[in-house]
Each structure stands twice: as structure tokens, then as C-alpha cells.
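Here the structure is laid out as C-alpha cells; the discussion comes afterwards.
The values are calculated or read from the model by the stated rules, or taken from the named source; none is laboratory data. All figures in this text were calculated on a predicted structure; none of them were measured in a lab. In this analysis, Cβ positions are derived from the backbone assuming ideal geometry, glycine residues included, and neighbour counts consider all displayed protein chains. Ligands, DNA and RNA are excluded from the accessible area calculation, which covers all protein heavy atoms including side chains. Shrake-Rupley method; radii C 1.70, N 1.55, O 1.52, S 1.80 Å.
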Amino acid sequence: QVQLVESGGGLVQAGGSLRLFCATSTRTFRRYAMGWFRQAPGKEREFVATISATGGTTYYADSVKGRFTISRDNANMVYLQMNALKPEDTAVYYCAARESAITSPLAYEYGYWGQGTQVTVSS
């Protein structure tokens, strides 16, 4: 089965940290660029970060640059380390896979999506 499953979300105070996890179900995803996106109530889906298939290239939205770090291991996991969290970061966070090795911030270029994990940052 083809599946992406996010975890690690929760409630955290502003200034705190969370680490999100994306578990990929097949070895195929190791050939794909991966991305993290988020969607807050009443807002459009927003790009957060992306990483190339090899992990050698990363790209971030300006809103999270310097605070968030995307990474992947040589197994089946993709991570999003989130530091210095702000209330504006509150959203459902989605892991996504693109059928290309190259990074992209465009949601429509990603064909596989997880179910999302809720991140809530309190003030």
C-alpha cells in the first residue's frame, strides 16, 4: 500500500518546539522529493518546506526560514523540526511526496499526501 502518515503534532506554548514525523510506506518514496505544507482554518494550503530525494537540497517558506528544519533519513522517515513556534504556526501540517527528485514549493505538483497532524501554538 502507498501511504504517508504524519505524527508528532500537539499543543505547545509560543516559543516552544515540536518535531513532526512523516512515515512513508514504500521504498519508492526514497526516490521522491518530499514536502511539508500546512493549512489553517479559513486559509489556503501553504507551503512550508521541501527536501530533495537525496536530502542535499532544501527550500523553505520565508515565514519559517531560520526556525524550521526539514530532513530525511536513509530509511523511510521525513522530519520537520519546528523551533521558536508562534501562534501563527497553528495549522494542520501535511506531509507530501512529489514524483520527482527535485524540490518544489507548489502543492499541485505533489501527488501523495498524508492525513495531517494538528499543531496548535498557544500565546
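Would you check which residues across the range 8-66 are among the aliphatic types (A, V, I, L, M), closer than 21 Å to ARG98 by Cβ and not in a loop (DSSP other than H, G, I, E, B) and list them? Working first, answer last.
Of the residues in the range 8-66, the ones among the aliphatic types (A, V, I, L, M) are 11-12, 14, 18, 20, 23, 33-34, 40, 48-49, 51, 53, 61, 64.
Okay, now just the ones that are also closer than 21 Å to ARG98 by Cβ, so 20, 23, 33-34, 48-49, 51, 53, 61, 64.
Listed by number, the residues that qualify are LEU20, ALA23, ALA33, MET34, VAL48, ALA49, ILE51.
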Open item on the list: Suppose we keep only residues that are under 21 Å from GLY8 (Cα atoms) and among the charged types (D, E, K, R) within the range 53-70. Which one would you say is surrounded by the most Cβ atoms within 10 Å (Cβ to Cβ)?
Closed with: ARG67
TODO: Could you look through the range 14-34, keep only residues that are among the polar types (S, T, N, Q) and closer than 17 Å to ILE70 by Cβ, and pick out the one that is most open to solvent (accessible area, probe 1.4 Å)?
DONE: SER17
Task: Failed item, numbered, when ALA96 is tested on (1) under 22 Å from VAL12 (Cα atoms); (2) not in a loop (DSSP other than H, G, I, E, B) - done: (1)
TODO: Evaluate the range 78-90: report whether one residue or more is open to solvent by 40 Å² or more (accessible area, probe 1.4 Å), part of a loop (DSSP other than H, G, I, E, B) and at pLDDT below 95.
DONE: no
- [ ] Please find, among GLU99, GLU6, the residue that is of a type outside the set (A, V, I, L, M, F, W, C) and open to solvent by 20 Å² or more (accessible area, probe 1.4 Å).
- [x] GLU99
TODO: May I ask you to list pairs of residues, at least six apart or on different chains, whose Cβ atoms are under 8 Å apart, with the first in the range 40-65 being on the phi > 0 side of the Ramachandran plot and the second being surrounded by fewer than 16 Cβ atoms within 10 Å (Cβ to Cβ)?
DONE: GLY55/SER71
TODO: Kindly check whether there is at least one residue in the range 35-52 that is in contact with a Gly (Cβ under 9 Å, 6 or more places away or on another chain), surrounded by fewer than 18 Cβ atoms within 10 Å (Cβ to Cβ) and over 20 Å from SER7 (Cβ atoms).
DONE: no
